[in-house]
Every structure is written in C-alpha cells, then in structure tokens.
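The values are calculated or read from the model by the stated rules, or taken from the named source; none is laboratory data. What you are looking at is a predicted structure, and each value in this text was computed from that prediction instead of being measured. Using ideal geometry, Cβ is built from the backbone for each residue, glycine included, and neighbour counts are taken over all protein chains shown.
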Amino acid sequence: MSDFDPKRARAKRPCPLWVDAFQRDTQHLQADEVGAYMLILMAMWTRPACDLPNDPARIARVARVSKRLWDSRVGPVIMAFLEVDGDVVISERLRKEAAYVERQVKQQSDRKVSEKSGKPRKTNKPGKSTDDPTDEPRNHPSQQPNNPREEDKSSSKEEAAYQRYLEAHPRPVESDAGLAFFAALLAEGIDPAQIIASAEAYARTVREWSAEGKVQQSDNFLDPDRGKWRQHVPKPKAAPASEEDQLKFWAETINGKSFVAASCVKPHVARALVERGLVTPEKLKERGIAA
C-alpha cells in the first residue's frame, strides 16, 4: 500500500497566485497589508491542513508585524479575507486551490506507480519518490491550481452581478472595497439576486426620505460590520392559499352570519362547496349565490 500523502506533497508545491484577481481584491490595501496577506497565504499553503492556528499573536508573527499593529490596523483588514473555523483560520479560496492541486499530485503519483508496476526494473537503483521535489522539470502540467477559463468566467459573472448591484443601489460608488465585500458574500453562498433585491428595496425606502437623510454608499452598504443590506432583504412572498383553504374560508363565510357579496363567489367555487358537502344548495340559494 502506498504511503503517499497528497496534502504533504501539495504543501511542497508552489503556492498558486492569480495575479489579476489578487490585485483586484487587494487594491484598497496598503503595501504592508498586501505583504502580510501574502505571507499568511504562503504559510497556510505549506501546512498539510492549509490553515493557521486562530492565535492573533502567532498570525501577527507570520505576517511580520507587531501585535499592536495587527490588532489596530492590519489584522481587521486581512481577516476580512479569511474565515475562522473552530480553532484555526482558513482561506476558503486557497483551500479550493489546495484540493485541486492535491487531486493532481495524487493522479500523478498513481500514474507513476502504475507505470512502475507494469514495467520490469532494469536496475537496482532505487526509484524516485512519487513525491518529487518542486523544482524538478516536468514534461506534463502538474502545477496548474485551477482552470484559467473557469476562473475568468467566474470573475466575469461576479463583476456583472456587482454592476447590476451598483445600478440598483441609490448611492452607487464603484470601489475595490465594495467589490471585495460583494465577492465575500458570494463566497458565503449568498445569492447575488438577494443582494440586488436588497439594494432595490433600500432605494425605494430612501426615496421617501428628506434631503437631509443619510444614505449609505453602496460599498458601506455591504460592510460586514456596519452595512445595512441584510435589513432590507425583501421577505419571501406568502404562498397562495390552497384550494382546500379557499373552500374552507368560503364555507365558513357563507354558513356564518357575515355579509357575502354573491358576485365574489364564482360558480365553480359554489359547485365545489356543494360537491364536498361544505355548503348546502339551500344555503347558496338563501345567499343568492349561483352554482
């Protein structure tokens, strides 16, 4: 049985970086914040679990900033890109890339094992480990962390949805922070249509405000700490009453003492009431309702 560990093999591979996406996501960061973020991602990548302990002091050391600076400025900005999962901190996007690379190195290892088992050995020299060093040239792609076309499609859809959000918002401001907040919500599994509907509802609300009313900008609207978008998500419409509930309502109304406008009860409803024994023909006649 092979003792090949794809997680450890992946940790020895280069950390993937989609330059365009990284620059877009971090344009609002200062230089030391960008550096801290990169150091944290690289440190996560070298660990088999692709995480870091949820210890601010340790993370600050990894980011090469003081604990005071981490707590006051760098930490809050960087943690917006990360998630706390129990006692560790993770990057959901980095874990997806890690899973992809692990599948690739596992397939490569299996292929090499298969090739060795099918060919007689011509030498007593030990064969190379299936967990090859990362700097060895290869004749086949094994370090593609993702499919660029799929990444481009995903980014394009995300940006198109963000533009629709800006069009719906009463105070649109196209900023990198706003796009980052929007992308973070999509990463959580939030439907972009829900965010856009919230912006539309907010726009209807602020139309009634006076000129002095303070309308949140579109980027602040999505801020995880002070944003108001969740407060304006439209409530789902109530499902229409079932036929059984409608007949029950009319039966109680007709058999009761309340006034009933005969024109409100359609003939097919009246017939259904009689067929189900909910109302007698005599009662319908008394109420002037045609069946």
Point to revise | Any chance E200 is over 30 Å from D176 (Cβ atoms), among the charged types (D, E, K, R) and either free of Cβ contacts under 8 Å to residues at least 24 places away in the same chain or surrounded by 13 or more Cβ atoms within 10 Å (Cβ to Cβ) (or both) | key: no
**Study point:** Among residues of the range 13-32, those that are in a helix (DSSP H, G or I) and over 24 Å from the mean Cα position of the chain (by Cα), counted
**Key:** 2
Check your understanding: Can you pull out the residues in the range 45-84 that are of a type in the set (G, A, S) and closer than 22 Å to F181 by Cα?
Key -> S72, G75, A80
**Study point:** Identity of the residue in the range 42-59, assigned to a helix (DSSP H, G or I) and either of a type in the set (S, T, Y) or buried (at least 20 other Cβ atoms within 10 Å of the Cβ) (or both), that ends up farthest from the chain's Cα centre (by Cα)
**Key:** I59
Check your understanding: Which is loosely packed, with under 12 Cβ neighbours inside 10 Å and more than 25 Å from A180 (Cα to Cα), of K248, K283, K235?
Key -> K235
Check your understanding: What residue, of S210, S258, S155, S242, is surrounded by 11 or more Cβ atoms within 10 Å (Cβ to Cβ), of a type outside the set (A, V, I, L, M, F, W, C) and either at pLDDT below 90 or not assigned by TED's automatic domain parsing to the domain that holds R10 (or both)?
Key -> S155
